[in-house]
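> Please find one structure pasted underneath; my questions will follow.
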Amino acid sequence: MKNKTVIIFEGIKGSGKTLLTMELKKYLNNSVIFDEDATLKPIKHSEDRELIVDFYKKTIKDMENSNFSYFLLDRFHFTKWPRVNYKSDYFKEIEELLLGKFEVALVLLTVNENNLLQRLEHTQKHREVTGWKLNYDGLSLEDEAKKDIEGQRFFLQHKYQDTLIKGKTIIDTSDLHLNINKLKLHIDQIKKII
């Protein structure tokens, strides 16, 4: 059995990745969070496969050389799949590397499409004080919601099925911002796959 675990949180903006990684960290000794500054922003706009793969390899090497036991990743290679003209085996090399070195779990957070606009408004209101922006493309909230719905459908149709990662779960976080008591239920669901 491998002595380090990587837990990848994926989902559209405002789906609760940051909240759930911070909460799960409380339950896992010797854990660290890699937020989007570490997992996505350095390559966010790149479509260069070699550059992207090298970035992920370096991140994996950094985790391997770290003294932490649990790595909670706020996004990882799944986020890049649509940008690099999706192919089911595009990041097979990265997944094989991850699976060869760590126990790996995937947590896909979804938001009900009918609640998404309300959720984005809530997220924007509560996170703008930290400098977080809902979008960097200048889209309206309605257009941003449409884009995120398409992204979420893509995740569910392709990425979740095509990944080599076996320990995975889907969590509907649609009303998490309204019912914080569900947080513990979601954490318990995640603990079952790690």
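The values are calculated or read from the model by the stated rules, or taken from the named source; none is laboratory data. Since the structure is predicted, the reported quantities are computational estimates derived from the model, not experimental observations. Using ideal geometry, Cβ is built from the backbone for each residue, glycine included, and neighbour counts are taken over all protein chains shown. Surface accessibility is based on the protein's heavy atoms, side chains included, excluding ligands, DNA and RNA. Shrake-Rupley method; radii C 1.70, N 1.55, O 1.52, S 1.80 Å.
> Just to confirm a number: summing +1 for Lys and Arg and -1 for Asp and Glu over residues other than Lys61 whose beta-carbon lies under 11 angstrom from that of Lys61, what do you get?
0
> Quick check on the chain: helices-only [θ] at 222 nm, where DSSP H runs of length 4 and up contribute -39,500 (n - 2.57) each and the sum goes over total residues. Nearest 500, please.
Here the helix-only value at 222 nm equals -11500 deg cm²/dmol.
> Still on this structure: Check which residues have an amide H placed less than 5 Å from Leu73's amide H, if you skip close sequence neighbours.
Ile7, Ile8, Phe9, Phe34
> A follow-up question, please. Keeping all protein chains in place, calculate the accessible area per residue for the chain (probe 1.4 angstrom), answer in Å².
Ligands and nucleic acids excluded, the result is 52 Å² per residue.
> Could you give the nm distance between label points at Ile165 and Asp143, where each point is 7 Å from its Cα heading toward the beta carbon?
Output for this residue pair reads 3.1 nm.
> How many angstrom lie between the C-alpha centres of region 145-194 and region 16-55?
Centre-to-centre distance over Cα atoms comes out at 16 Å.
> Could you look at the chain and say what percent of its accessible area is carbon and sulfur, using a 1.4 Å probe and all protein chains? Kindly include the intermediate steps, with their values, before the conclusion.
Values: 4880 of 10060 Å².
C and S atoms contribute 49 percent here.
> What does the accessible area of Phe155 come to, in Å² to the nearest 10, when a probe of 1.4 Å is used?
About 20 Å², rounded to the nearest 10.
> Please give the net charge around Leu99, taking every other residue with its beta carbon less than 10 angstrom from that of Leu99, where Lys and Arg add +1 and Asp and Glu add -1.
Here the charged neighbours net out to 0.
> Classify region 6-120 from the C-alpha gyration tensor, please: rounded if a/c falls under 1.5, else prolate or oblate depending on whether a/b exceeds b/c.
Cα axes put region 6-120 in the oblate bin.
> How large is the Rg to Rh ratio of region 1-50 when both quantities use alpha carbon positions and Rh follows Kirkwood?
1.03
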